[in-house]
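**Student:** Sharing a structure with you now.
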Amino acid sequence: MDVAERLLAVMDQKDHWAYAALTRPGLTKDQLLVHFQHEYLVYVRDFPVLLGNVLGQTPPLADVRAALAANIYEEQTGGLSQSSAHPELFLCMMEGLGFERRLFDEGACVLHPSAQSYRALLRDIAAAPPWQAACAVLTIFVEGSKNERAELAGTFVRAQGDAAVMHHPLVVHYGCPPAAMKLTRAHGAVEGGHRADAWRIVLGNVPGSDEPLAGAVTQACQRALAAWHRYRDGVAERMGLRIAA
Ligand SMILES: [Fe+2]
């Protein structure tokens with residue numbers, strides 16, 4: 001099986017039963033807070049730094065370094081989408097839901113042990129060779145979704161602009177003002193390009209003939225997937241969600 005298919009098989013599994021609860025009404029404010037505190041502290045806040053660690057271990061391949069640098073620039077400043085740093089936009093969205101910023105300070109909540117493990121794994125992988133594995137985990141696995149296969153095939157098109165904001169569950173079901181959803185706008189504006197870059201970089205630098213490298217890249221993504229499932233299970237447990245619900 002080629003590298004693309006092995007990575008797509010991982011992405012097909014980036015789904016969790018508790019996600020459905022986040023797309024419909026019925027969660028309490030406390031349940032939403034638990035979910036978003038975990039997301040912020042586990043990878044949203046430090047995502048630009050994790051990408052920086054990937055860039056820091058790349059060999060002198062100008063196109064790879066430029067694509068990663070552009071991604072970091074957007075994530076830490078919002079410069080490409082004319083917005084703001086994505087972690088900052090996330091906190092604005094939280095304020096739109098009525099959550100104060102201090103609730104997202106390190107130590108404001110006790111992360112579920114599975115969340116601590118997933119965060120530690122991402123930090124380790126981002127800084128460890130081979131750089132292609134770090135790049136795949138951060139830019140394909142963390143930034144990507146279960147829609148990756150359809151998005152690459154052109155059969156799934158990510159919602160953008162007003163359409164993305166006005167149909168967002170936080171706006172529709174949880175009273176978040178559309179003006180607080182700049183993160184969704186920024187992602188709609190730039191994420192398509194980042195998805196294409198991510199796949200181009202990884203597939204262009206993992207020759208099918210180099211099985212040890214292809215195996216290392218695939219295995220890193222599989223480890224991330226397993227840790228992510230445990231993380232999502234842990235957050236669902238903290239939210240008091242049951243699989244039957
Ligand atoms: Fe982002």
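The values are calculated or read from the model by the stated rules, or taken from the named source; none is laboratory data. All of these numbers come straight from a predicted model, not from anything done at the bench. We place every Cβ from the backbone using ideal geometry, glycine too, and count neighbours over all the protein chains shown. Protein only, heavy atoms only, side chains kept; ligands, DNA and RNA dropped before computing areas. Shrake-Rupley method; radii C 1.70, N 1.55, O 1.52, S 1.80 Å.
**Student:** Would you pick out the residues in segment 12-39 that are crowded, with 19+ Cβ neighbours inside 10 Å and closer than 27 Å to V64 by Cα?
**Tutor:** Of everything in segment 12-39, just one residue is crowded, with 19+ Cβ neighbours inside 10 Å and closer than 27 Å to V64 by Cα, namely K14.
**Student:** Still on this structure: Do we have R158 as basic (K, R), surrounded by 18 or more Cβ atoms within 10 Å (Cβ to Cβ) and within 15 Å of the ligand (Cβ to nearest atom) here?
**Tutor:** No: the conditions fail for R158.
**Student:** Only one of A179, A163, A186 is surrounded by 16 or more Cβ atoms within 10 Å (Cβ to Cβ) and small (G, A, S). Can you tell me which?
**Tutor:** Of the residues listed, the single one that is surrounded by 16 or more Cβ atoms within 10 Å (Cβ to Cβ) and small (G, A, S) is A186.
**Student:** Ok, one more. Within segment 85-99, how many residues turn out to be free of Cβ contacts under 8 Å to residues at least 12 places away in the same chain and either touching a Pro at 6+ places or on another chain (Cβ under 6 Å) or within 21 Å of P25 (Cβ to Cβ) (or both)?
**Tutor:** Within segment 85-99, residues that are free of Cβ contacts under 8 Å to residues at least 12 places away in the same chain and either touching a Pro at 6+ places or on another chain (Cβ under 6 Å) or within 21 Å of P25 (Cβ to Cβ) (or both) number 0.
**Student:** Moving to a separate point now. Please work out which residue is farthest from G98 (Cα to Cα), limiting yourself to segment 157-174 and to residues that are free of Cβ contacts under 8 Å to residues at least 12 places away in the same chain and part of a loop (DSSP other than H, G, I, E, B).
**Tutor:** My answer is V157.
**Student:** With respect to A198, determine if the residue is open to solvent by less than 10 Å² (accessible area, probe 1.4 Å), within 16 Å of the ligand (Cβ to nearest atom) and in a helix (DSSP H, G or I).
**Tutor:** Yes, satisfied.
**Student:** A further question follows. Could you check segment 141-155 and list, in sequence order, the residues that are open to solvent by 70 Å² or more (accessible area, probe 1.4 Å) and not in a loop (DSSP other than H, G, I, E, B)?
**Tutor:** Those that are open to solvent by 70 Å² or more (accessible area, probe 1.4 Å) and not in a loop (DSSP other than H, G, I, E, B): R149, L152, A153.
**Student:** Here is a further query. Where in segment 23-88 are the helices (runs of 4 or more DSSP H), entirely inside, with at least 3 residues that are within 15 Å of the ligand (Cβ to nearest atom) and closer than 23 Å to R232 by Cβ?
**Tutor:** Qualifying helices (runs of 4 or more DSSP H): 47-56.
**Student:** Determine, yes or no, whether L138 is open to solvent by 20 Å² or more (accessible area, probe 1.4 Å), in a helix (DSSP H, G or I), farther than 23 Å from A20 by Cβ and of a type in the set (A, V, I, L, M).
**Tutor:** no
**Student:** Let me ask something else. Checking the condition of a type in the set (D, E, K, R), out of contact with any strand residue (DSSP E or B) (no Cβ under 6 Å at 6 or more places or on another chain), modelled with pLDDT under 95 and within 26 Å of G79 (Cβ to Cβ), which residue from R195, R123 passes?
**Tutor:** Exactly one residue qualifies, and that residue is R195.
**Student:** Could you please let me know if V206 is open to solvent by less than 40 Å² (accessible area, probe 1.4 Å) and not in a helix (DSSP H, G or I)?
**Tutor:** yes
**Student:** Can you name every residue in segment 89-120 that is open to solvent by 60 Å² or more (accessible area, probe 1.4 Å), part of a helix (DSSP H, G or I) and either small (G, A, S) or under 29 Å from G175 (Cβ atoms) (or both)?
**Tutor:** Result: E95, R101, R102, S117.
**Student:** Can you tell me which residue within segment 214-245, out of those that are under 16 Å from E5 (Cβ atoms) and aliphatic (A, V, I, L, M), is surrounded by the most Cβ atoms within 10 Å (Cβ to Cβ)?
**Tutor:** V217
**Student:** Then there is this: Hey, among P212, P177, which residue is more than 16 Å from the ligand (Cβ to nearest atom), out of contact with any Ser or Thr (no Cβ under 7 Å at 6 or more places or on another chain) and free of Cβ contacts under 8 Å to residues at least 24 places away in the same chain?
**Tutor:** Going through P212, P177 in turn, the sole match is P212.
**Student:** Something else: Test each condition in (1) under 15 Å from the mean Cα position of the chain (by Cα); (2) open to solvent by less than 30 Å² (accessible area, probe 1.4 Å) for R123 and report the one that comes out false.
**Tutor:** If we test R123 against (1) under 15 Å from the mean Cα position of the chain (by Cα); (2) open to solvent by less than 30 Å² (accessible area, probe 1.4 Å), just (2) comes out false.
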